[in-house]
Amino acid sequence: MTVAVVGAGLAGLSAAWKLRQAGADVVVLDAGRHAGGVIVTERRDEFIVEGGPDGFLASEPDIQELAREIGIGDHLVDQVARGSTLWTGGRLETLPEGRAAELLGIQGYGNVGGFRSFAGGMADVVDALVARLAPRLRTTQGVTAIAPAARGWRLSFTGASSLDAEAVILAVPAWVATRLLAGLGVSAARALDTVLYAPSVTVSLAYRVDQVPGTLEGAGFVAAPDSGAAVRACTYAWRKYPKRAPESLALLRAFVGLVDGDPFRSGPVPSTGRERCRATRAGMPSASRQSGSDSRDLRRWRSRVRGSMEQGYRRA
Ligand SMILES: Cc1cc2nc3c(=O)[nH]c(=O)nc-3n(C[C@H](O)[C@H](O)[C@H](O)COP(=O)(O)OP(=O)(O)OC[C@H]3O[C@@H](n4cnc5c(N)ncnc54)[C@H](O)[C@@H]3O)c2cc1C
């Protein structure tokens with residue numbers, strides 16, 4: 001059977017891998033220039049900087065089984081520093097485990113036994129899947145429409161080319177799936193358009209370890225909703241997972257002004273280029289101040305993943 005998988009994020013790549021294992025003839029199509037979707041790992045000068053997710057729940061077996069299947073089981077790494085603190089607006093206070101996730105609006109995390117990641121960052125799993133699927137993966141192939149064909153479906157791309165497949169898997173953001181399914185007359189697909197996404201803006205900052213206070217506890221902090229902080233949360237990346245920064249350097253990753261408490265009321269923030277720049281500028285000194293670091297960072301990286309964080313559903 002010929003299957004077209006639309007979207008080469010982790011969901012699409014994993015689906016394609018499983019289909020290949022089951023003997024299907026698979027082609028993976030992605031609109032972007034690279035596979036991986038919201039997984040964006042930058043490796044440079046011994047830094048491993050994550051622009052998207054930096055790990056997964058240790059209690060979640062699927063990704064770990066997948067890693068073993070594709071030969072990178074030995075890349076799995078455990079979270080080293082555990083626990084989070086709360087930025088009250090004036091100081092950092094200890095938080096019970098699971099409370100940080102709640103404050104960030106992530107449900108069902110509770111006390112889940114921490115997180116895991118990969119030695120070379122989250123892109124390890126993407127790289128391994130891409131290597132195994134390479135001849136079947138086509139990037140810069142944005143699917144614009146799907147229509148019934150004699151034996152299955154015809155997918156159209158930007159640039160007027162097309163491809164026929166007996167089956168199609170959509171592994172794209174909900175707003176893209178809505179459009180593709182609506183074109184097929186699937187009226188129930190409108191419900192997908194109610195999924196609310198917010199952009200994620202992260203600023204990663206490198207310091208010398210002696211610029212960062214030795215009293216920092218755990219793997220990061222979350223800002224109290226009433227703290228007025230520009231940085232909503234910050235991960236001490238160099239302490240959370242092994243080898244995220246060169247020896248004697250520290251790496252902080254700050255989530256900048258995502259939402260103002262109620263995503264339904266305020267909508268994704270920041271949404272325009274100007275707001276983003278302002279938030280990023282505010283985020284840098286704020287991340288330093290909130291963590292108590294000397295504000296002169298040695299290096300910085302900024303990453304914005306468009307409409308990447310599912311925040312729930314829009315109220316009808
Ligand atoms: C900052 C951040 C932190 C996160 N942290 C965690 C975490 O700690 N733990 C955890 O479990 N999860 C986390 N997540 C969530 C998790 O990473 C994502 O849910 C998951 O990676 C999404 O994968 P996906 O394949 O579904 O979608 P995506 O990664 O969004 O991939 C979708 C793909 O579809 C492609 N596409 C879009 N339109 C088209 C089209 N028309 N034609 C063809 N291709 C198209 C896109 O280019 C993209 O490559 C985090 C996410 C972010 C952004």
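Laboratory data are not the source of any read-out in this text; all were calculated from the coordinates shown. Not measured: the values here are computed from a predicted model.
Spelling out what I want: for every residue of the range 43-55, take phi, set θ = phi - 60°, compute 6.51 cos²θ - 1.76 cosθ + 1.60 (Karplus), and round to whole Hz; glycine and proline get x.
Here the 3J(HN,Hα) series is 10, 8, 6, 6, 8, 10, 10, 9, x, x, x, 10, x Hz.
Give the long-range amide H neighbours of VAL40: residues separated by 5 or more places, or on another chain, with amide H under 5 Å away, using H modelled in the peptide plane at 1.01 Å from N.
Here the answer is GLY51, GLY52, since their amide H atoms fall under 5 Å of that of VAL40.
Please give the length that would be gained between ASP62 and LEU298 if that part of the chain were fully extended, namely 0.36 nm times their separation in residues minus their C-alpha to C-alpha distance (nm, one decimal).
81.2 nm
What number, in percent, do you get for the relative contact order of the range 1-45 if the mean sequence gap of Cα pairs under 8 Å and at least 6 apart is divided by its residue count?
Worked out over the range 1-45, it gives 46 percent.
Name the long-range amide H neighbours of VAL77: under 5 Å, sequence gap of 5 or more, or other chain; modelled H, no Pro or chain starts.
Excluding prolines and chain starts, which carry no amide H, the hits are SER117, PHE118, ALA119.
Just to check I understand the Karplus step: with θ = phi - 60° and J = 6.51 cos²θ - 1.76 cosθ + 1.60, what whole-Hz values come out for the range 190-201, glycine and proline as x?
Listing the rounded values in order: 4, 4, 5, 6, 8, 6, 9, 10, 10, x, 10, 10 Hz.
Taking N as the number of residues in the range 7-153, what is its alpha-carbon radius of gyration divided by 2.2 N^0.38 Å?
Rg over 2.2 N^0.38 Å, computed on Cα atoms: 1.27.
Mind listing the long-range amide H neighbours of GLY83? Cut-off is under 5 Å, sequence gap 5 or more, other chains count too, H placed in the peptide plane at 1.01 Å from N.
The list, which skips near neighbours in sequence, is ALA219.
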